[in-house]
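Scroll down for the structure; my scribbles are underneath it.
Any read-out appearing in this document is the output of simple, stated calculations on the displayed coordinates, not a laboratory observation. Owing to the predicted nature of the structure, the values given are computational and were not obtained by experimental measurement. Cβ placement follows ideal geometry from the backbone for every residue including glycine, while neighbour counts extend to all protein chains displayed.
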Amino acid sequence: MLLHNYGPGRKFGSVHVEVPANVDVMKSHDTVDKIEHDIKDEFGIDVVIHMDPLVVDDVHIDLLHALVLDLVLGIDEQLSIHDFRLVEGLTHTNLIFDVVAPYKYPVKNSVLAREIRTRLSKLNSSYYAVVTVEHSFTKKQGDKR
């Protein structure tokens, strides 16, 4: 979560929440609304939640997710991934995901993304990583799927 403090009583947060793609969007939206209200009631923070729909219980996607996670952890065990999706095309498959690096990570985002793309391409030349590198604000991030 990104937390913005604009002075006393003026805190706003933004966060991404992964939701199963096979759940009705109205149900997911209702759940997200409830989370926003609960955070406001308990902590006094207005939160905007962005829903990231993910395909779940798909063996092919689960295997590719595990492959990418292992690849990323092979670069550095401090890294994690989330918002994993894939788009299969005629000539290549886009593996789309976010990588979370620790705050003050010494490697530039562009260098890390290039390294991930290179390693993934070596595993299978038809795979192309569409990587967004972001940084955590805590010591350790967990990989959630």
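Under 12 Å from the Cβ of GLU115, count the other residues' Cβ atoms, weight Lys and Arg +1, Asp and Glu -1, and hand me the total.
Net charge around GLU115: +4.
Dipole of the chain (Lys/Arg Cβ +1, Asp/Glu Cβ -1, origin at the Cα centre): which of VAL55, SER121, LEU86 lies farthest to the positive side?
Of VAL55, SER121, LEU86, it is SER121.
Do you know the relative contact order of the range 2-54, to the nearest whole percent, from alpha carbon pairs under 8 angstrom that are 6+ apart?
Once normalised by length, the contact order is 47 percent.
Need one word for the chain: rounded, prolate or oblate. Basis is the Cα gyration tensor (sqrt eigenvalues a ≥ b ≥ c); a/c below 1.5 gives rounded, then a/b vs b/c decides.
Because a/c hits 1.5 or more and a/b fails to exceed b/c, the chain counts as oblate.
Based on the alpha-carbon gyration tensor of the range 1-71 and its eigenvalue square roots a ≥ b ≥ c, which shape applies: rounded if a/c is under 1.5, prolate if not and a/b is larger than b/c, or oblate?
It comes out oblate by the Cα gyration axes.
If you restrict to DSSP beta bridges whose two residues both lie in the chain, what percentage is antiparallel, to the nearest 5? Could the numbers behind the result be given before it?
Working: 11 of 29 bridges.
Around 40 percent antiparallel, to the nearest 5.
Starting with the fewest neighbours, write out VAL55, VAL48, VAL72 ranked by other beta-carbon atoms found within 10 Å of each beta-carbon.
Ranked by crowding around the Cβ, least crowded first: VAL48, VAL55, VAL72.
Looking at the range 59-135, what % of its DSSP beta bridges pair antiparallel, to the nearest 5?
On the way: 7 of 16 bridges.
Restricted to the range 59-135, the bridges split so that about 45 percent are antiparallel.
Output the DSSP H helices from the chain with an along-axis C-alpha extent of no less than 20 Å and a mean Kyte-Doolittle hydropathy no less than 1.0. Numbers along the way, then the final one.
Numbers: long enough: 25-43 (27 Å, -0.97); 59-75 (24 Å, 1.91); 109-123 (21 Å, -0.32).
For the chain, where a helix must reach 20 Å along its axis and average at least 1.0, the hits are 59-75.
Using 0.36 nm per residue of separation minus the Cα-Cα distance, give me the extension gain between LEU3 and HIS37 in nm, one decimal.
Values: separation 34, 0.36 × 34 = 12.24 nm, distance 1.59 nm.
Going from the current span to full extension adds 10.6 nm.
Counting other beta carbons within 10 Å of each residue's own, what order do LEU64, LEU79, LEU69, LEU2 fall into, fewest first?
In order of increasing Cβ crowding within 10 Å: LEU2, LEU69, LEU64, LEU79.
Skipping prolines and chain starts, which residues have an amide H placed within reach, meaning under 5 Å, of the one on GLU18, given they are 5 or more residues away or on another chain?
The answer is ASP52.
Using +1 on the beta carbon of Lys and Arg, -1 on that of Asp and Glu, and nothing else charged, what's the dipole of the chain about the Cα centre, debye to 20?
Working: 16 positive and 22 negative charges, 152 e Å.
Roughly 740 debye for the chain.
So what is the calculated 222 nm ellipticity per residue for the chain, using -39500 (n - 2.57) for each DSSP H run with n of 4 or more, over all residues, to the nearest 500 deg cm²/dmol?
Counting only the DSSP helices, I get -12000 deg cm²/dmol.
So what are the ³J(HN,Hα) numbers for the range 12-21, from phi and the Karplus equation (6.51, -1.76, 1.60; θ = phi - 60°), rounded to whole Hz, Gly and Pro as x?
After applying 6.51 cos²θ - 1.76 cosθ + 1.60, I find 10, x, 9, 8, 9, 10, 7, 10, x, 5 Hz.
Grab the other residues whose beta carbon is less than 9 angstrom from that of ALA129, score K and R as +1, D and E as -1, and report the net.
Taking every Cβ under 9 Å from that of ALA129, the sum is +2.
Would the range 59-135 count as rounded, prolate or oblate if I go by the C-alpha gyration tensor, calling it rounded below 1.5 in a/c and otherwise prolate when a/b exceeds b/c, oblate otherwise?
Working: a/c = 1.92, a/b = 1.65, b/c = 1.17.
Cα axes put the range 59-135 in the prolate bin.
Let me check I've understood the local charge: for LEU86, count other residues with C-beta under 12 angstrom from its C-beta, Lys and Arg +1, Asp and Glu -1. What total comes out?
My count for the surroundings of LEU86 gives -3.
Considering Cα pairs under 8 angstrom that are at least six residues apart, work out the relative contact order of the chain and quote it in whole percent.
Relative contact order here is 19 percent.
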